[in-house]
Amino acid sequence: MTERFYVTTPIYYVNGAPHIGHAYTSVAADVLARWHRLAGRQVFFLTGTDEHGQKVEKAAHDAGLPPQAFVDQVAAQFQAMSALMGLSNDDFIRTTEPRHKLACQALWRRLMQSGDIYLGHYEGWYAVRDEAFYDEAELVTRPDGSRAAPTGAPVEWVREPSYFFRMSAWGDRLLALYEQVPDFVQPSSRRNEVMSFVRSGLNDLSISRTSFTWGIPVPDDPGHVMYVWLDALTNYLSAVGYPDETSARWPFWPPDVQLVGKDIIRFHAVIWPALLMAAGLPVPRTVFSNGWWTADGEKMSKSLGNAIDVVKLVETYGLDPVRYFLLREVPFGNDGDYSDAALVRRMNVELANDLGNLAQRTLSQVAKNCAGVIPPSGAVTPEDAALLAGAGALADKIGGHLARVAFGDALEEAWRVIRAANAYIDHQAPWALRKTDPGRMATVLGVLAEVIRAVATVLQPFMPGSMSRMLDQLGVPAEARSLSALATPLPAGTPLPSPQGVFPRFVEAA
Ligand code: MSP
């Protein structure tokens, strides 16, 4: 039976246009999805939009549109972003869809039956910007004397009837989960943060609101709409057919990796598993939290107007350099700073020079000096064998890094081989062998072609378009681009198309 792999991104609030922060998690999830497909697994990759709640309702109001018309418009922008970033998502869930409403109401009923929901009264602080409740003790005082959430978001005092989820009953079971499954929350700094939060004691969670209507009605009590986070988290279930456990996608449950930003780790690592355990459902295997991007050292925000526009980025640099940069520049889990200069440096040094030139030098010599076909190999020297062994080990090594969601390490692994191949070509100097030892030249160029094939194959998930062009130039047919195909060497004599540079240097317009 084929192994399954289920990966998710957060669903994005449709209160504003997509930016680099959204594209980041999405590209990361896409790389995992593509990698596991390449390894022969059956993959379900989910992304989508979070369309209910007060924050979105307010954005619609500010835009002068009825909420549904507004969310339709912004959701379309997020769908366009998915296409722009080359995402291979298998579904795009919108929380205003009927299938999602059905799942939320089914989950609610289930939690009612298990005694985990009760009706009460909420009185306390709420931050619409964060769509989160805060305790008095968590608030900070701003210079003007007003109170704010620890995130800086304005808070308001809310007093209304509300249903509650009995979170307080789940603390010990959550702590047991973190102990038994140490990889449940990653990276470990986040795990510590989550554990100490749970150890400090959990309050019951208000899970319905009565003061506005833009949400999913609570079953049998339509004066209440569900708290937007209960609604949002359920998306991961709706997309696999919940509550219909006979649906074709249900076997994907539970998710293998859920990628979430560091600001929403508590929702995913505390509330979410508690809800699932209460509903008698298996919890995700890993919730991995990524860091935040700043722009030239500053926090990105709408008010500063410095949010990095991914459309412009892709137009300027091309999609694959942007995808590469996002996952290469900072270790996944850490915060990172975006600057054009850093992107251009990586693009010119690592893509154009290291990888692009290696392929171009090799393939142009094959075209000129080997009649444009994959050359036959002669006796293999220890240097050849060492380089080939490095390339042959790549798939396993990268698989190991990606199992830890360590994109930077995975890329570094490929670059070690690329740098070794560059040293090899300089040292072997096949251009000089053309006259003195054409047989040896053929072997050297054949080794290089094989190494580039391995590199291009394992990098497909990161840079699908460019690597597919590189594999085209190596004459690798579409059906021979999976990880398992690497076991069979490129057949000598394969005719190659004329080589074309895959990674142009970026030159600043004068
Ligand atoms: N709708 C909720 C998630 C619900 S999931 C059941 C939400 N949406 S969001 O649009 O505000 O944020 C979505 C993701 O984008 C979060 O993971 C957040 O961390 C991420 N980012 C938003 N700005 C970011 C940066 N500047 N840098 C990196 N990621 C950032 O939260």
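Bear in mind that the values in this text are calculations on the coordinates, not laboratory data. Computed from a prediction, not measured in an experiment: that's the story for all the values here. Virtual Cβ from ideal backbone geometry, glycine too; neighbours counted across all protein chains shown.
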**Report entry** Total formal charge among the other residues, if their Cβ is under 14 angstrom from that of E123, Lys/Arg +1 and Asp/Glu -1
**Finding:** -3
**Report entry** Spin-label pair H61/D183, simplified geometry with 7 Å Cα→Cβ offset, distance in nm
**Finding:** 4.6
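If N is the number of residues in segment 143-257, what value comes out of its Cα radius of gyration divided by 2.2 N^0.38 Å? Please report the intermediate quantities before stating the final value.
Values: Rg = 17.7 Å, N = 115, 2.2 N^0.38 = 13.4 Å.
Cα-based Rg divided by the globular estimate yields 1.33.
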Query raised in the report: Hey, what's the Kirkwood Rh for segment 104-155 if you take every pair of different alpha carbons, in angstrom?
Result: 13.1
Query raised in the report: Binning every alpha carbon pair distance of segment 249-298 at 10 Å from zero, what are the percents per bin?
Result: 23, 45, 20, 9, 3
**Report entry** Which of N192, P150, F78, positive extreme of dipole for segment 76-233 (C-beta unit charges)
**Finding:** F78
Requested in this report: For segment 332-414, give the magnitude of the charge dipole about the Cα centre (Cβ charges: +1 Lys/Arg, -1 Asp/Glu; no others), in debye to the nearest 20.
Outcome: 360
Requested in this report: Before anything else, pin down the relative contact order of segment 206-249: Cα pairs under 8 Å, at least 6 apart, normalised by residue count, whole percent.
Outcome: 28
Query - Given charges at beta-carbon only (K, R positive; D, E negative), |dipole| of segment 183-239 in Debye - result: 260
Query - ³J(HN,Hα) computed for each position of segment 236-253 - Karplus, 6.51 cos²θ - 1.76 cosθ + 1.60, integer Hz, glycine/proline x - result: 5, 8, 4, 5, 9, x, 3, x, 7, 6, 9, 5, 4, 8, 4, x, 6, 5
Report task. Take the Cα of N353, step 7 Å along the line toward its Cβ, and report every residue of segment 487-510 whose backbone nitrogen sits under 12 Å from that point. Result -> none
Query - Amide hydrogen neighbours beyond the local backbone of Y163, cut-off 5 Å, H modeled - result: G120, I207, S208
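Could you work out the relative contact order of the chain, using alpha carbon pairs under 8 angstrom and six or more residues apart, expressed as a whole percent?
This gives 15 percent for the chain.
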Query raised in the report: Given a Förster distance of 35 angstrom, what is the FRET efficiency for E479 paired with A342, based on the Cβ-Cβ distance and rounded to 0.05?
Result: 0.40
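Any chance you could tell me what percent of the C-alpha pair distances in the chain go past 33 Å? It would help to have the intermediate numbers written out before the result.
Numbers: 58950 of 129795 pairs.
Result for the distance tail: 45 percent.
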**Report entry** Mean separation of Cα contacts under 8 Å (6+ apart) over length of segment 291-425, as relative contact order %
**Finding:** 27
Report summary line: Dimensionless Rg/Rh of segment 374-510, both radii on Cα and Rh by Kirkwood, sits at 0.98
Requested in this report: Past 24 Å, Cα to Cα, is the threshold; run K58/K101; K55/K262; K55/K101; K101/K262; K368/K435 against it and keep the listed order.
Outcome: K101/K262
Query - Cα lying deepest toward the dipole's positive end in segment 232-357, options V310, M347, V260, charges on Cβ - result: V260
Requested in this report: For the chain, build the charge dipole from Cβ charges (+1 Lys, Arg; -1 Asp, Glu) around the Cα centre, then report which of T96, N203, F332 sits farthest towards its positive end.
Outcome: F332
Report summary line: HN-Hα couplings for segment 466-478 via Karplus (6.51, -1.76, 1.60; θ = phi - 60°), in whole Hz with x for Gly/Pro, come out as 5, 6, 5, 5, 5, 5, 4, 5, 8, x, 8, x, 3
Requested in this report: Would you mind finding the longest exposed-site-free stretch of the chain, with exposed GluC sites (Glu not before Pro) meaning DSSP loop and at most 13 other Cβ atoms within 10 Å?
Outcome: 246-507
Query - Three-way shape label, segment 183-242, alpha-carbon gyration tensor, a/c 1.5 - result: oblate
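Give me Rg over Rh for segment 260-359, both radii from the alpha carbons and Rh done the Kirkwood way, two decimal places.
Details: Rg = 17.9 Å, Rh = 16.0 Å.
Using only Cα positions, Rg/Rh for segment 260-359 is 1.12.
DSSP loop (so not H, G, I, E, B), at most 13 other Cβ within 10 Å: list which trypsin sites (Lys or Arg not before Pro) in segment 212-306 pass both filters. Please report the intermediate quantities before stating the final value.
Values: sites: R249, K262, R266, R285, K299, K302; in loops: R249, R285, K302.
Filter output for segment 212-306: K302.
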Query raised in the report: Under a plain spin-label model, where a point goes 7 Å from the Cα along Cα-to-Cβ, how far apart in nm are D263 and R147?
Result: 2.2
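Once you have a ≥ b ≥ c as the square roots of the Cα gyration tensor eigenvalues for segment 276-418, tell me rounded if a/c is under 1.5, and otherwise prolate or oblate according to whether a/b is larger than b/c.
Values: a/c = 2.95, a/b = 1.48, b/c = 1.99.
Cα axes put segment 276-418 in the oblate bin.
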**Report entry** Neighbourhood charge, 15 Å Cβ-Cβ cut-off, centred on G465 and excluding it, Lys, Arg +1 and Asp, Glu -1
**Finding:** 0
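Report the charge-dipole magnitude of segment 24-91 in Debye, nearest 20, computed about the Cα centre from +1 at each Lys and Arg Cβ and -1 at each Asp and Glu Cβ.
On the way: 5 positive and 8 negative charges, 66 e Å.
It comes to approximately 320 debye.
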Query raised in the report: What are the ³J(HN,Hα) values, in whole Hz, obtained from phi via the Karplus relation 6.51 cos²θ - 1.76 cosθ + 1.60 with θ = phi - 60°, for each residue of segment 304-314 in sequence order, with x given for Gly and Pro?
Result: 6, x, 10, 5, 6, 7, 5, 4, 5, 4, 5
